[in-house]
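Have a look at the structure below, then the notes.
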There are 2 protein chains.
Amino acid sequence: MYFCRMNKLVLIGTGNVAMHLFRALRECQDLEVIQVVGRDPAARAYFGSYTDTAALPEISQQGDLYLMAVSDDTIATVSRNLPLEGKLLVHTSGSVPLEALTERCRRGVFYPLQTFSKNRHLSLREVPLCLEAEDSQDLVQLQRIANRLSDRVYQIGSEQRRQLHLAAVFANNFTNHLYYLSQQILEGASLPFDMLLPLIGETAAKLQDVSPHEAQTGPARRADEGTIAAHRQLLKDATQKDVYTLLSNSIKQTYGKKL
Amino acid sequence: MYFCRMNKLVLIGTGNVAMHLFRALRECQDLEVIQVVGRDPAARAYFGSYTDTAALPEISQQGDLYLMAVSDDTIATVSRNLPLEGKLLVHTSGSVPLEALTERCRRGVFYPLQTFSKNRHLSLREVPLCLEAEDSQDLVQLQRIANRLSDRVYQIGSEQRRQLHLAAVFANNFTNHLYYLSQQILEGASLPFDMLLPLIGETAAKLQDVSPHEAQTGPARRADEGTIAAHRQLLKDATQKDVYTLLSNSIKQTYGKKL
């Protein structure tokens, strides 16, 4: 026997991911966030204008789905301390396995593949939601809820999710660090970073039409050793120079193979 | 004595940059591309529907401005072989110094800081145009034309332009290569690359509001050695592993300093 409809949600966590999920869930008729749970009363205040809030020990027993949006390294501990039995409990992390959740609950994952910032509103409609559940009926219920929030719902096992998260580290964390390094170079030349924003935007937007393999340009793509050597000489910072050399070699390797 | 108005342009080159400049220039009343010059008759065909085209030796002597959009490594040679004297000749490259142009002409640079692809239309309005000229009156004329095309016109010397181009290699070429590496990881897990597009788009778009220094997230930012070690183990490809390690270390270094 299983729940025909899961309409009552409890949100555990009060950070960026919790905030974005909460906003999106509030727009869904027939889904109700009956409570937001968190340690810090100040952080709960925002949610308190819309729904019940509580500290962890006072978590409601009336939820159909418990959605945990806490930092990766606290998932296991928080989950162990939840006074819940037999409830459907999911976390929202890309890198933490389903098994980190307490065995006292029916377990699942509800991973939104996106970077969330406090002050940027963004629609979940385009955000891939990656679902996993131990029980197939639970998976159906998670899919039903996810489909209300996003047009891109995927069923992804823990192993695939680990690879996906790793790919996201390259595409998001490392890319952002390259933006930072380019800003450092511009600062050294007294040039404003916003000069690069159109280029950065188009580099990303282009992927709608062209694969990254086809989109590659630049001195390393052309194996233009003269420009590469000149660039290496311009770079005074040892780490910047190492990054330049390694990524240039990786590009040369990529296209050398195909020649 | 100098030209009060420079309205007649000759475009040298038929590639992506030439194509995008030509499209933008055609939309400006009172500017006229009187000729497009290039080696390859097939490549000239597109331009031939709109204006006169010719091979290099038949270049028109009636131009006020000669805009050279050829590949970096041919700028010096092509410029040397141009049958022009005392004309204003500019190239469009980020990495080539003004001095690569022939001394028989008044020299300048007209560098659009953007990545151009054949099949993507994009407005030059937002594209930074970086200008340089030996003669101050020529610079004024270049500025007048650039202002017709773009809202972001900068005067940038050759040395600054070299740094700008280097920064662009990080922000565009290297970033695109990271997209490629993330696609490789996804392929290995039988996941489609387009799952990452919303994340990639938001990572770039975020910079409108937040500096890359503030925007940084991920295991290296948190110095989360457990996840870093797990990721390194997942990566089977030696180059991917090196890239992961070097960029993680660079991130740790960046934020370690500030602690």
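Annotation for A:GLU27, label-to-label distances across the other copies: 3.1 nm (shortest first, one decimal, point 7 Å from Cα along Cα→Cβ).
Heavy-atom accessible area, probed at 1.4 angstrom with all protein chains present, ranks B:HIS177, B:HIS165, B:HIS121 as B:HIS121, B:HIS165, B:HIS177, highest first. Ordered from highest to lowest accessible area with the whole protein assembly present and a 1.4 Å probe, A:THR14, A:THR175 read as A:THR14, A:THR175. Model label sites at B:TYR50 and B:THR77, defined 7 Å from Cα along the beta-carbon direction, differ in position by 2.8 nm.
Remark: mean inter-chain Cβ contacts per residue of A:211-223 equal 6, using a 10 Å Cβ-Cβ cutoff to other protein chain atoms. Distance distribution P(r), chain B, all Cα-Cα pairs, bin width 5 angstrom from 0: 1, 5, 11, 14, 16, 12, 9, 8, 8, 7, 5, 3, 1, 0, 0 percent.
Taking B:THR239, B:THR115, B:THR102 as the candidate residues, the one with maximal mean-square fluctuation in a Gaussian network model of chain B, Cα springs under 10 Å, is B:THR239. For the stretch B:74-217, the per residue solvent-accessible surface stands at 36 Å², with DNA, RNA and ligands left out and a 1.4 Å probe. Using a Gaussian network model of chain A in which every pair of alpha carbons under 10 angstrom is joined by a spring, one finds that among A:LEU101, A:LEU139, A:LEU191 the greatest mean-square fluctuation is at A:LEU191.
Coupling constants for the stretch B:90-98 follow from the phi torsions by the Karplus curve (6.51 cos²θ - 1.76 cosθ + 1.60, θ = phi - 60°), and in residue order they are 10, 9, 10, 9, x, 10, 9, x, 3 Hz; glycine and proline get x.
Dipole check for the stretch A:87-192: with +1 at the C-beta of Lys and Arg, -1 at the C-beta of Asp and Glu, and the Cα centre as origin, the magnitude is about 340 Debye.
For B:THR92, the accessible surface of its heavy atoms amounts to roughly 20 Å² (probe 1.4 Å, protein chains only, rounded to the nearest 10). Each other copy holds its own label point for B:ASP209; taking that point as 7 Å from Cα along Cα to Cβ, the gaps run 2.8 nm, nearest first.
Take the Cβ atoms of B:GLU85 and B:LYS118, set R0 to 45 Å, and the FRET efficiency comes out at 0.85. Across the protein assembly as shown, Cα-Cα pairs more than 42 Å apart make up 31 percent of the total. In loop segments of the stretch A:128-211 as defined by DSSP, there are no trypsin sites (Lys or Arg not before Pro) with at most 12 further C-beta atoms inside 10 Å of their C-beta.
Near B:ASP52, within a Cβ-to-Cβ distance under 12 Å, what is the net charge of the other residues, with Lys and Arg +1 and Asp and Glu -1?
Numbers: positive: B:LYS8, B:ARG44; negative: B:GLU32, B:GLU58.
Once all neighbours under 12 Å are counted, the net charge is 0.
Sorted from shortest to longest, the distances between the B:GLU58 label points of this copy and the other copies are 8.6 nm, with each point 7 Å from Cα along the line through the beta carbon. Restricting attention to the stretch B:161-258, the count of lysine pairs at 8 or more positions apart or across chains with alpha carbons under 23 Å apart stands at 4.
Nearest 20 debye, what's the magnitude of the dipole of chain B about its Cα centre given +1 on Lys and Arg Cβ and -1 on Asp and Glu Cβ?
Values: 28 positive and 28 negative charges, 67 e Å.
Here chain B has a charge dipole of around 320 debye.
To the nearest 100 Å², how much accessible surface do chains A and B hide from each other in total, with a 1.4 Å probe? All intermediate terms of the calculation are to be shown ahead of the outcome.
Details: alone 15230 and 15220 Å², together 22200 Å².
Buried: approximately 8200 Å² between B and A.
For chain B, modelled as a Gaussian network with Cα springs under 10 Å, which listed residue fluctuates most, B:ARG125, B:ARG221, B:ARG39? For chain B, modelled as a Gaussian network with Cα springs under 10 Å, the answer is B:ARG221.
The values are calculated or read from the model by the stated rules, or taken from the named source; none is laboratory data. Predicted model only: the values in this text are computed from it and were never measured. So basically every Cβ, Gly included, is an ideal-geometry build from the backbone, and we count neighbours across all protein chains shown. All accessible areas refer to the heavy atoms of the entire protein, side chains included, with ligands and DNA or RNA removed. Shrake-Rupley method; radii C 1.70, N 1.55, O 1.52, S 1.80 Å.
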